[in-house]
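Notes follow once the structure below has been shown.
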């Protein structure tokens, strides 16, 4: 199986911006809304080419969700853009009633998710968004791993009919998936094949998992790395299949332990195939100011902590 | 289209009022007060003002659309939709019951024709109406979008976000109406959260404002006709419509007490005695 390397680092939000621009050119029903964060969300290229299909909402996210729901009536496919915090927690009831319960085809696109937003600190570093969104009936939740996958996911969700939460981030992270890889919602991607332990990772933690695998391989541990870019609907079959083979699993994500990917994998395994499991995630804590690297280390969500979790879980086999 | 006369509309409204009190009585729950207060308005809207198509098209292309933001007055909307032919009148008997399409608050989940978005959690309808109106503009559809809000609902900040948005984006195919009955659950709006000069507020937000009497059919028709003539001129239009909560049933009028309370058997009989059965009870 491929050994992953990268030559470039890019922010996933730019992958969103590129995907949106491409959608502008290929799908006339796609429209975009933003709550005064056009630069941060990389939406300017779309706006320049399709000014009549862009709606500036100002700093009014609740209204943005309602307007987006309304735009679907008449066939538009609205993409909303703001930070993850303001895309979820701030507007939960608007999403719940006007979008999810109403089955509206809105794509909620959220940047600056998690700790790696960095220096702005905990007010903006939402670590609960996946949990909030996955609890909503009808909602699809996607957390791609790099620039290419974010771009591909942005394009793919326009084809899918129904509400979607698409989560990405601020910092530059390694680009290691192929630019031409088609994005399949709900289909886990096996990145590295192994036999002793499975790491289920999501978002840019997939890269951390790949780095952890390299360290563990040198110690003779055969690690399987699976990219769970879609947290809901979860690829239950892929999870059970891999857990059956390796007998122990680690989950890795930039999110609270409560409500995140780890929680979904644990539920799946507890119901189908009880398996020792360790979670690499933020443990019931808010973040703080710092650089992305410092924060990932301090809050225990980097490659080093994945290695430690693998060693812990293998002892429980 | 042949528009019904004021007299015909009033007869329809009487039947709708019967439906409302019978529906909430049957399940001993629901919101008769605001429903009765808005009966004349919704009757005029669906039977005279709006240009609508049947069967129901969820996308509402090339037809006028209505959104009910204050979803708790679902009884009046359900009755109007049924009496307009969107679904069988007999289905009104399922209101608020298990497995019904007529949920306590309007919803799309069960596929009830006539409803395009869920409402009930207040303050969201104007935003949705803005989006729907903008979709019409993008689709080169020259029909209008109507939305009704409660006055108590105006406490919600999102309403004012949407009000600012509609004026900024010149959404002039949008006609909002405020059910200005001066009552909310905990009492008169002046006590609970004073709306102060509501007309000045909307004007300051950049809207064309009209004022009307929502319990006089002629006034409702005139106001909405005026609203239509004001639309298409670069500004959204709002109709501040004075109504009486419980209008048409004497003992329910003029108090917030009948906001969310159903009549008992005796009260139902008293109410029905005041409301002529014009189209046949369901």
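The values are calculated or read from the model by the stated rules, or taken from the named source; none is laboratory data. Bear in mind the structure is a predicted one, so any value in this text is a computation, not a measurement. Note that we place each Cβ from the backbone using ideal geometry, even for glycine, and neighbour counts take in every protein chain shown.
Here are some notes:
- With respect to the conditions (1) surrounded by fewer than 21 Cβ atoms within 10 Å (Cβ to Cβ); (2) without any contact (Cβ under 8 Å) to a residue 24 or more places away in the chain; (3) not in a loop (DSSP other than H, G, I, E, B), residue A:58 lacks only one, and its number is (3).
- Residue A:188, sole failed condition from (1) crowded, with 21+ Cβ neighbours inside 10 Å; (2) in contact with a strand residue (DSSP E or B) (Cβ under 8 Å, 6 or more places away or on another chain); (3) closer than 19 Å to residue A:7 by Cα: (3)
- Test for residue A:29: is it in the same structural domain as residue A:90 (by TED's automatic domain parsing), closer than 21 Å to residue B:171 by Cβ and either crowded, with 24+ Cβ neighbours inside 10 Å or under 24 Å from the mean Cα position of the chain (by Cα) (or both): no
- Of the residues examined, residue B:118 is one that is at the interface with chain A (Cβ under 7 Å from one of its Cβ atoms), in a loop (DSSP other than H, G, I, E, B), out of contact with any strand residue (DSSP E or B) (no Cβ under 8 Å at 6 or more places or on another chain) and surrounded by 23 or more Cβ atoms within 10 Å (Cβ to Cβ).
- When residues in region B:57-96 are screened for being within 14 Å of chain A (Cβ to nearest Cβ), within 23 Å of residue B:8 (Cβ to Cβ) and surrounded by fewer than 19 Cβ atoms within 10 Å (Cβ to Cβ), 1 of them pass.
- If the condition is being facing chain A (nearest Cβ under 7 Å), farther than 11 Å from residue B:69 by Cα and under 20 Å from the mean Cα position of the chain (by Cα), then region B:121-158 contributes B:130, B:131, B:132, B:158.
- Residue in region A:90-107 that is more than 25 Å from residue A:185 (Cβ to Cβ), over 20 Å from the mean Cα position of the chain (by Cα), assigned to a helix (DSSP H, G or I) and free of Cβ contacts under 8 Å to residues at least 40 places away in the same chain present: yes
- Set A:99, A:108: member being touching a strand residue (DSSP E or B) at 6+ places or on another chain (Cβ under 8 Å), surrounded by 24 or more Cβ atoms within 10 Å (Cβ to Cβ), modelled with pLDDT of 95 or more and within 11 Å of chain B (Cβ to nearest Cβ): A:99
- Matching residues, region A:34-68, being in contact with a strand residue (DSSP E or B) (Cβ under 8 Å, 6 or more places away or on another chain) and facing another protein chain (nearest Cβ under 9 Å): A:53, A:55, A:56, A:57, A:61, A:64, A:65, A:67, A:68
- Number of positions in region A:281-299 that are closer than 21 Å to residue A:112 by Cβ, touching a strand residue (DSSP E or B) at 6+ places or on another chain (Cβ under 7 Å) and either assigned to a loop (DSSP other than H, G, I, E, B) or free of Cβ contacts under 8 Å to residues at least 12 places away in the same chain (or both): 1
- Selection status of residue B:207, touching a residue at least 40 places away in the same chain (Cβ under 8 Å), out of contact with any strand residue (DSSP E or B) (no Cβ under 7 Å at 6 or more places or on another chain) and surrounded by fewer than 24 Cβ atoms within 10 Å (Cβ to Cβ): no
- Set A:217, A:238, A:243, A:212: member being assigned to a helix (DSSP H, G or I) and free of Cβ contacts under 8 Å to residues at least 12 places away in the same chain: A:217
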